[in-house]
Amino acid sequence: MSLLRLGIDPGGSSLKGFYTLNSFNPELILMEPEVATVPRESLEIYEQSKIGESNPENSAWIEYEQNCFAVGFLARKRFNADLQLQKRKFELALPKVLAIVGAIADKHDLENGSSIHLGILLPWGEYQDRVLFQDLVTKALSLYKFKGRSKAFSLELFLCLPEGGGVLTRGRAPGSILKEQTITVVMLGYRDTSILLIERGEMSKGKTEPLGFSKMVESVKSQTSGLKNEQLTVAICKAGKNSSHKALGELALNVDPIYREHEISRIRNAVANSREEYWMMLSNWLKLQVPRHVDEVIIGGGTAHYFRSQLNNLFSFSNVNWCERLETQINNSFPEVASKSLHYRLTDVYGLFFFLCSRGMKQSQDVVGTGATNE
C-alpha cells in the first residue's frame with residue numbers, strides 16, 4: 001500500500017499543503033479556503049449539469065456522516081461561501097483535510113487502505129484541541145466520500161504544531177543552538193496573529209489574537225462600496241505600501257469614467273487610513289507580547305511582508321529572522337509560487353512538512369529497530 005505524507009495549513013487566505021507519495025519528491029497543493037454546507041441534491045445537480053472536467057481540488061466536495069460540504073473553489077464560486085472567520089480553524093479543518101486528501105487520491109490514484117502521515121498547523125489558542133481533532137480526523141479518514149466516491153485511509157501518524165512551529169523547526173540557520181537562547185516566533189496571517197515564546201528550548205508562552213490582515217480589509221470595505229473581501233485583499237497586496245494607483249485602479253474598472261478617479265481616490269484614502277489604524281492595533285499588541293530581552297524574533301506569514309520595514313523597526317532590539325533560507329528553498333523547488341509572492345505564506349507549512357517527514361522516518365527506524373531486537 002502507498003504512504004501519503006501531507007502537511008496542511010488550513011489558513012484563512014488559502015488552504016495550503018505539501019505532500020509526497022512513497023518517494024521523497026514534495027508537491028504543492030493549493031485550494032481556496034471556503035467551506036459550505038450544501039444539500040446533497042445540489043451537488044448531484046452540479047455533477048450532472050457541469051460541462052468539462054476540472055482538477056479535483058477545484059471541484060471538491062465531501063460527504064461524511066450524512067453531511068455534505070463543498071470545499072475551495074467550488075464552495076466559493078458555485079455556492080457563494082464566505083470565509084467564516086468567526087469560527088475556529090479547528091471547526092473547518094476536518095472537511096478541508098478530507099477534501100485535500102480526496103483530491104490528492106484522485107490525482108494520483110491513491111488506493112483505499114493506504115496509510116497517511118498527517119501534519120497540521122493550528123493557532124495557539126486552538127492547540128489544546130489537537131487530541132480531539134486527531135480522534136475526529138482518524139475516524140473521518142477511515143470512511144467518507146469524495147465527489148460521491150468512497151474513500152478509506154488509515155491515519156498512521158498525526159502531528160499538530162501551533163502556528164509558527166514550522167518556521168521554528170526549519171527556519172533557523174543550521175547549527176543554531178535553540179536550548180541556549182530565548183526566541184519569539186511571530187506569525188501574521190489573514191485571520192489571526194500568533195506569537196510563541198521559546199526559552200532554553202521549551203515553549204513557555206503562546207498567544208493568538210484575531211488581528212490578522214482581514215481586520216484591515218474589513219476596515220477598507222467599510223469605507224468603500226460594492227467591493228468584496230477577496231477583491232480588496234488581492235488589490236491591496238498588489239498595490240503595496242505605496243498604494244499603487246494602477247493596482248487599486250483595477251477595483252474601479254467597472255465604474256463610469258466620470259466617477260472613476262473619484263472612486264480610486266476614495267479607495268486609496270481608505271487603504272491609507274485602514275493601514276495606519278491596523279498597524280497601530282497590531283504594533284501595540286506585539287509590544288505587549290514580545291519581551292525586549294529575546295535573542296531572536298522569527299517572523300512569518302503573508303501579512304508580515306506588507307509591514308516589513310515597520311516590523312524591522314519594532315524589533316530593532318533583537319536579531320530579526322525573516323526565514324529567507326526557507327523562502328529560497330521554496331522558490332527553488334516551486335518557481336511558480338515566486339511570481340505570486342506565495343513563498344511568504346508557505347514557510348510555516350513547508351517547515352511542518354519536513355518535520356513531519358523526519359518524525360515519520362524516525363518512527364519507521366524505531367519500528368525496524370524494535371523488530372531487530374525482538375528477533
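The values are calculated or read from the model by the stated rules, or taken from the named source; none is laboratory data. For clarity, every value in this text was computed on a predicted model and none was experimentally measured. Every residue, glycine among them, receives a Cβ derived from its backbone with ideal geometry; neighbour counts consider all protein chains shown. Ligands, DNA and RNA are stripped out before the accessible areas are found, and what is left, the full protein with its side chains, is counted by its heavy atoms. Shrake-Rupley method; radii C 1.70, N 1.55, O 1.52, S 1.80 Å.
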Magnitude of the Cβ-charge dipole (Lys and Arg +1, Asp and Glu -1) of the chain about the Cα centre, nearest 20 debye, reported as 680
Take the Cα atoms of segment 3-110, find their three principal axes, and give me the spread along each one in whole Å, biggest first. 39, 34, 25
Which three lengths, in whole Å and largest first, does segment 136-282 cover when its Cα atoms are put on their principal axes? 62, 51, 26
Would you mind computing the Rg to Rh ratio of segment 44-187 from its alpha-carbon coordinates, Kirkwood style for Rh? 1.04
Compute the distribution of all C-alpha to C-alpha distances in segment 197-277, in bins of 5 Å from 0, and list the percent of pairs in each, rounded to whole numbers. 3, 14, 24, 21, 10, 6, 5, 6, 4, 3, 2, 1, 0
Can you give me the three principal axis dimensions of segment 267-329 from its C-alpha atoms, in Å, biggest first? 38, 31, 14
Loop chymotrypsin sites (Phe, Trp or Tyr not before Pro), segment 1-92, which have at most 12 other Cβ atoms in a 10 Å radius of their Cβ (DSSP): F24
Can you say what percent of the DSSP beta bridges in the chain, counting only those with both residues inside, are antiparallel? Round to 5. 65
For segment 33-92, take N as its residue count and report Rg(C-alpha) divided by 2.2 N^0.38 Å. 1.11
For L232, the net charge from surrounding residues (Cβ-Cβ under 10 Å; K, R +1; D, E -1) works out to 0
Identify the chymotrypsin sites (Phe, Trp or Tyr not before Pro) of segment 260-348 meeting these criteria: DSSP loop state and at most 14 other C-beta atoms within 10 Å of the C-beta. F317
Identify all lysines with a Cα-Cα distance to K151 below 26 Å; exclude those on the same chain that are fewer than 8 residues away in sequence. K16, K50, K77, K89, K96, K107, K139
Within segment 78-147, list the GluC sites (Glu not before Pro) lying in a DSSP loop whose Cβ has at most 13 other Cβ atoms in a 10 Å radius. E111
Taking a label point 7 Å from the Cα of S333 along Cα-to-Cβ, the residues of segment 111-146 whose backbone nitrogen sits under 17 Å from it are 117-121
Considering segment 77-133, what Rg and Dmax in Å follow from its alpha-carbon atoms? 13.9, 37
Under 1.5 on a/c is rounded, so check that first for segment 121-220, then, if it is not, pick prolate when a/b is larger than b/c and oblate when it is not; a ≥ b ≥ c are the square roots of the alpha carbon gyration tensor eigenvalues. oblate
Å² per residue, accessible surface of the chain at 1.4 Å: 47
Where Rh is the Kirkwood radius over the Cα pairs of segment 155-213, the temperature 10 °C and the viscosity 1.306 mPa s, what D in µm²/s does Stokes-Einstein return? 127
Of all the Cα-Cα pairs you can form in segment 249-300, what percent are over 14 Å apart? 67
Select from Y46, L30, S59 the residue farthest towards the positive end of the dipole of segment 1-73; place +1 on Cβ of Lys and Arg, -1 on Cβ of Asp and Glu, and compute about the Cα centre. L30
